[in-house]
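J.: Let me begin by handing over the structure; questions about it come next.
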Amino acid sequence: MKRRAAALLLCFLLAFWLSLPPVHAADRVYFTAVGSYVLPLSDNTMPFWSGGYVYIASSIFTGAARETLGISQVLNNDQGRLVLYSGGRSLTYNLSASYALDNDGGTYYPGAIQRNGTVFVPANTVSRYFDLVYSVIEVEHGSMVWLRQPNYGLSDKPYADAARYPMNSVYADYIRAKEAATPESGSPGASGRPSTVPESQDPAAELDGKRISLCFQAGTSASLLADALESYDAGAAFFFAPEEMERQGGTLRRLAAQGQSIGILADAGDPDRTVAQQLEAGNAALFRATCGKTRLAY
């Protein structure tokens, strides 16, 4: 079934590829693909080789690409630290060091590299640690670095053929942007699978006015709220019921790494547990997830 779907997809994309407008050739480029998505091309985020390793921009671990790989990032430029995490596992990169550390203090080489204001991480290390698969595939206009889950279902050549249209679409956007001499490149291309997606979240808007404090009753939407806050470099307090804390350990770890406040949502009308018992249960769940506790409660 997967092969039949891939074949139909290939025929569809190859037919549309012929309609792409001609563009002037550029130097060899490196595409980035994540699962079924081909990401926009940008000189600032394009993969590169260094010391025998291919490096990818950490910004791919956001948005739709983050959902596809199941890995999130927290970048703190002030502290010079990048954290990649998935479930209960994390890799922490000190941007001034040549290695990364896992949850248990284990060391992983090489470290991250910062170029043009973007942090890059070695695809090999990230893939091995988080149980992903990556390939570097020769394609038209250059090469493609492709990351995906192990059970994706397509090998390198069929995927590269199916991705030909979105690759040419983002390449055309890239060339047009360079010819127009605009400061940013890499706008989203046409939809479809494989398809193009925004490279990262929109830059934070400049906001004027009074400061406010945000508090959320957190549930299954907590991760989406965290995405929005991260795009504006903003903070909030997330209040979880003890049962939600038990179910959302990964979300709690992400919020803690992002610097958000976490509180316990207690129900004074609960006939089975007192408020004190609920607070104790919430802090126990929070400690299991993050090795921390909270004094915030609602």
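J.: I'd like the FRET efficiency for Asn116 and Ile212, computed as 1/(1 + (r/R0)^6) with the beta carbon distance as r and R0 of 30 Å, rounded to 0.05.
T.: Plugging the Cβ-Cβ distance into 1/(1 + (r/R0)^6) gives 0.30.
J.: A further question follows. Mind listing the long-range amide H neighbours of Ile56? Cut-off is under 5 Å, sequence gap 5 or more, other chains count too, H placed in the peptide plane at 1.01 Å from N.
T.: Here Val121, Ala123 satisfy the definition.
J.: In debye, nearest 20: dipole of region 215-290 around its Cα centre with unit charges on the Cβ of K, R (+) and D, E (-)?
T.: The calculation lands at about 200 debye.
J.: Full extension from Tyr298 to Tyr53: what is 0.36 nm times the residue separation minus their Cα-Cα distance, to one decimal in nm?
T.: Between Tyr298 and Tyr53, full extension yields 83.3 nm more.
No value in this document is a laboratory result; all are computed from the given coordinates. Being a predicted model, the structure only gives us computed values, none of them experimental. Please note: Cβ atoms are built from the backbone with ideal geometry, for glycine as well, and neighbour counts cover all protein chains shown.
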